[in-house]
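Worksheet: the structure to be examined is printed underneath.
The values are calculated or read from the model by the stated rules, or taken from the named source; none is laboratory data. Being a predicted model, the structure only gives us computed values, none of them experimental. As a convention, Cβ positions derive from the backbone with ideal geometry for all residues, glycine included, and neighbour counts pool all protein chains shown. For the accessible areas, the whole protein counts, side chains as well, though only heavy atoms, and no ligand, DNA or RNA atoms are used. Shrake-Rupley method; radii C 1.70, N 1.55, O 1.52, S 1.80 Å.
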Amino acid sequence: VDTALAPTWFPSGYSLSNIFVEESPLQRTYRATYQCGETLLKISIHEYVESDPKFIEQGEGLIETYDAAGIKYYLFANNDKTQAVWINGPFECQISGKLTIDELKTMIDSITKG
């Protein structure tokens, strides 16, 4: 994948605990789980092979939209977790975990800055 899609910065204490890749004729799914004690942070990337990514619905819990490097990120809160969801070309991406909005934005900013 030539497109920058995953963050390079993570909150202190998180380390990679699992990577999962699933492939079908219509899409590839990449999932990574990071862990800090019992707290999980998940990153999912869905690459659509023969169709465009789904439209991101702006439902309950939308905190704000955040623009970085020409990509619109939708930041949500749900119970005790926050998440960012975005589309970049054929990729539908998500970061989810017990993160502050500032931590989520710093992760987003690290995607294109490497």
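Report the FRET efficiency, 1/(1 + (r/R0)^6), for residue 9 and residue 49, where r is their Cβ-Cβ distance and R0 is 41 Å, rounded to 0.05. Provide the component values of the computation, followed by the final result.
On the way: r = 29 Å, r/R0 = 0.72.
The computed FRET efficiency comes out at 0.90.
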Item to check | Residue-level accessible surface for residue 36, protein heavy atoms, 1.4 Å, Å² | outcome: 50
Checklist entry - Which one of 24, 63, 107 is farthest out on the positive end of the charge dipole of the range 4-114, using unit charges on Cβ (Lys, Arg +1; Asp, Glu -1) and the Cα centre as origin? => result 107
Checklist entry - When the Karplus curve 6.51 cos²θ - 1.76 cosθ + 1.60 is applied with θ = phi - 60°, which whole-Hz ³J(HN,Hα) does each residue of the range 17-33 get, with x for Gly and Pro? => result 10, 6, 10, 9, 10, 10, 10, 9, x, 9, 7, 10, 10, 10, 10, 10, 10
Checklist outcome for this item: Sorted by chain and then number, the residues having a modelled amide H within less than 5 Å of the amide H of residue 68, at least 5 places away or on another chain, are 73
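Taking the Cα centre of the chain as origin, work out the dipole magnitude from +1 charges on Lys and Arg Cβ and -1 charges on Asp and Glu Cβ, in debye rounded to 20.
Values: 9 positive and 16 negative charges, 49 e Å.
The dipole magnitude comes to about 240 debye.
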Checklist entry - Under a 5 Å amide H to amide H cut-off, with H placed in plane at 1.01 Å, what residues pair with residue 63 once short-range neighbours are removed? => result 75, 76, 77
Item to check | [x] -1.17, -1.28, -1.38; [y] -1.27, -1.30, -1.30; [z] -1.30, -1.36, -1.42, with the label sought being that of the calculated log10 I(q)/I(0) by the Debye sum over Cα atoms at q = 0.20, 0.21, 0.22 Å⁻¹ | outcome: [x]
Item to check | Sequence-separation-based contact order of the range 1-52, relative, with Cα cut under 8 Å and 6+ spacing, percent | outcome: 30
Item to check | Solvent-accessible surface ranking, highest first, for 47, 103, 23 at 1.4 angstrom | outcome: 23, 103, 47
